[in-house]
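Undergrad: Just passing along the structure, written as structure tokens.
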Amino acid sequence: MPVIKRRKIDYFKRKKTATLVILGLILIVFTFNYLKGENLLDGSRKFHANFDNVNGLATSAPVTINGLTVGKVQSITFNDDGKGSLNVTLLVENNFQFSENSTIEIYEPGLIGGKAIAIKPAFDGAANAKNGATLTSSIKLGMMETLDVSALQDKIAGVMVSADSLLTNINQIFDTKTKANLQLAIGELNTTISLFKNTSISLNELISSNQEKLNNTLSNVEGISEDLSKVTDDLSKKDISTVITSLEATLANANNLLNGIQQGKGTLGKLATDEQLYNNLVSATNELEELLRDFKLHPKRYTRILSKKEIPYQENKDN
């Protein structure tokens, strides 16, 4: 093989090897950054914020703007300020622009949801925040942190005292005598339930032993109801109009009779309207009553009238 040709082959081999090495290095860098949460092929922006305490914020925590997730926390590292402050790097994958005066706030998205980062955009007309800028930071207290622990402890202590007083009062109410009464009442209740049970058993036995009679009674009741239904049907089929006509004629005659009596017609009418006849009847009744009284008191006066023989009249010496 000529020397020139062999040199060309070696050159291409070295070039190919160099190309593969460069591509491998690029792939390693890309993979390393991707694992860190940074994609070299997209337009993500980085922002920084410093905190004295991140309150449990972790990497990969969501970053939100107005509640919308726009990125995540890339890293949390200590600053070289000798104070232990922390630098939080945010990776924002959204192109939404906001002012450089915007703030970055740590908050709790829920009771058990951990911590998250919220970008509070400022629309004050200032320049937009640039990639890599450090923004002002703040921490929003969670629900548990906003509670006044001392006041809560006082309320809990008050509740405990009230509960203790309640239990003491209950113990005073349920003294030995009351407990004995309750036990007695429960025993009597058990006795009553047993009696009800025995009564139920007896009733069931009575019904079972008289089942045939009960069936006959129900059959009789059913027959009576059918007979009543037939009677009702028969009455409904009668000529009610004739009965009503006869009743109207009878009432009309009664009205005529009453009108005649009121007008003084007939014996009843005269008795009802002639006052002189009424007075005569009253006077005759009174005289008849006096005659009967005299007959009872002086019967000898009337023996001559009642005797067939003529008896001379003699005055009664009792007079």
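Undergrad: Of all residues in the stretch 44-74, which are more than 19 Å from LYS130 (Cβ to Cβ) and in a strand (DSSP E or B)?
TA: PHE51, PRO62, THR64, LEU68, THR69, LYS72, VAL73
Undergrad: Cβ-Cβ under 7 Å, sequence separation 6+ or interchain: first residue in the stretch 265-279 and farther than 24 Å from ALA254 by Cβ, partner of a type in the set (A, V, I, L, M). Which pairs?
TA: Listed pairs, sorted by first residue: LEU277/LEU271.
Undergrad: Please determine whether any residue of the stretch 7-27 is part of a loop (DSSP other than H, G, I, E, B), at pLDDT below 80 and out of contact with any Pro (no Cβ under 6 Å at 6 or more places or on another chain). I'd like the intermediate steps shown before the answer.
TA: Of the stretch 7-27, the ones part of a loop (DSSP other than H, G, I, E, B) are none.
Checked the stretch 7-27: no residue is part of a loop (DSSP other than H, G, I, E, B), at pLDDT below 80 and out of contact with any Pro (no Cβ under 6 Å at 6 or more places or on another chain).
Undergrad: While we're on this one: For the stretch 265-287, indicate whether the set of residues that are among the basic types (Lys, Arg), modelled with pLDDT of 70 or more and not in a helix (DSSP H, G or I) is non-empty.
TA: yes
Undergrad: Here is a follow-up. Which of (1) at pLDDT 90 or above; (2) farther than 30 Å from ALA58 by Cα is the odd one out, the single condition ASN128 does not satisfy?
TA: ASN128 satisfies all of (1) at pLDDT 90 or above; (2) farther than 30 Å from ALA58 by Cα except (2).
The values are calculated or read from the model by the stated rules, or taken from the named source; none is laboratory data. Here the structure is a predicted model, which is why all the values come from computation and not from measurement. A quick note on method: Cβ atoms are made from the backbone with ideal geometry, for glycine too, and the neighbour counts reach across all protein chains shown.
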